[in-house]
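Only one structure is covered here, and it is reproduced in the block below.
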Amino acid sequence: QKEVEQNSGPLSVPEGAIASLNCTYSDQGSQSFFWYRQYSGKSPELIMFIYSNGDKEDGRFTAQLNKASQYVSLLIRDSQPSDSATYLCAVRDYGGSQGNLIFGKGTKLSVKP
Amino acid sequence: GAGVSQSPSNKVTEKGKDVELRCDPISGHTALYWYRQSLGQGLEFLIYFQGNSAPDKSGLPSDRFSAERTGGSVSTLTIQRTQQEDSAVYLCASGVAGPSEQYFGPGTRLTVT
């Protein structure tokens, strides 16, 4: 059973701080990793994707991937109250024939003004 | 450009009735995915289409569930003889073929009474 694990939270950070969201995955063969943001009552919105070891930066967001440790993280700098949402980590499943995403259950982030 | 669209946005049905959910992917996206998200749960993969073909239907939770895609575009997910445990948000996502990101539609909230 391939799994993606996330701390459910809630993770509470003050406005302007760095929020660090973590995710581990079980399938060593995984190649593609995604972070989605989901506001309450809304559908997931893609924030970042990362395929190579190391860091990938996009504005206030940085995704970090360590395939040896089977670990992917998302850093949000200068956190804003509008960043308050559930963050879903997803790993593309290449073990089957479909390339669908396997999702973690998400970490709820709360940014306090 | 236009994103993934889904209809209806909400559907309330009586136990035992059949329902059809529709997904219209982003133009040019050949890959189409159906997921469902139950309250407080993660996203569960249901089925994948590459073009009009669904190579593997093993993600569908029971034989009451079926899906089709015509013209490499619109897809319908049909649930026959609905049960209360079918109540969930049904999400459709589309993407280009290969190890690429997926973009979600707004979802259909299904409530079976």
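A few comments on the model shown:
- Hey, residue B:62 exposed (fewer than 14 other Cβ atoms within 10 Å of the Cβ) and outside any strand (DSSP E or B) or not: yes
- Test result for residue B:89, out of contact with any His (no Cβ under 8 Å at 6 or more places or on another chain) and within 13 Å of another protein chain (Cβ to nearest Cβ): yes
- Filtered residues of the stretch B:66-88 (kept if in contact with a Phe, Trp or Tyr (Cβ under 9 Å, 6 or more places away or on another chain) and closer than 19 Å to residue B:8 by Cβ): B:67, B:68, B:69, B:75, B:77, B:78, B:79, B:80, B:86
- Residues that are farther than 28 Å from residue A:50 by Cα and either among the hydrophobic types (A, V, I, L, M, F, W, C) or within 13 Å of chain A (Cβ to nearest Cβ) (or both) within the stretch B:59-86 comprise B:60, B:65, B:67, B:74, B:77, B:79, listed in sequence order.
- Number of positions in the stretch A:57-113 that are within 14 Å of chain B (Cβ to nearest Cβ), farther than 20 Å from residue A:8 by Cα and among the hydroxyl-bearing types (Ser, Thr, Tyr): 2
- The numbered conditions (1) acidic (Asp, Glu); (2) buried (at least 18 other Cβ atoms within 10 Å of the Cβ); (3) closer than 19 Å to residue A:103 by Cβ are all true for residue B:101 except (2).
- Inside the stretch B:24-42, residues that are surrounded by fewer than 16 Cβ atoms within 10 Å (Cβ to Cβ), small (Gly, Ala, Ser) and at the interface with another protein chain (Cβ under 8 Å from one of its Cβ atoms) make up a count of 0.
- Of all the listed residues (A:44, A:10, A:14), the sole one being surrounded by 14 or more Cβ atoms within 10 Å (Cβ to Cβ) and either touching a strand residue (DSSP E or B) at 6+ places or on another chain (Cβ under 7 Å) or closer than 29 Å to residue B:92 by Cβ (or both) is A:44.
- Number of positions in the stretch B:43-55 that are within 24 Å of residue A:89 (Cα to Cα) and surrounded by fewer than 18 Cβ atoms within 10 Å (Cβ to Cβ): 2
Each value in this text was obtained by applying a stated rule to the coordinates, not by laboratory testing. No experiment lies behind these values; they were computed from the predicted model shown. Please note: Cβ atoms are built from the backbone with ideal geometry, for glycine as well, and neighbour counts cover all protein chains shown.
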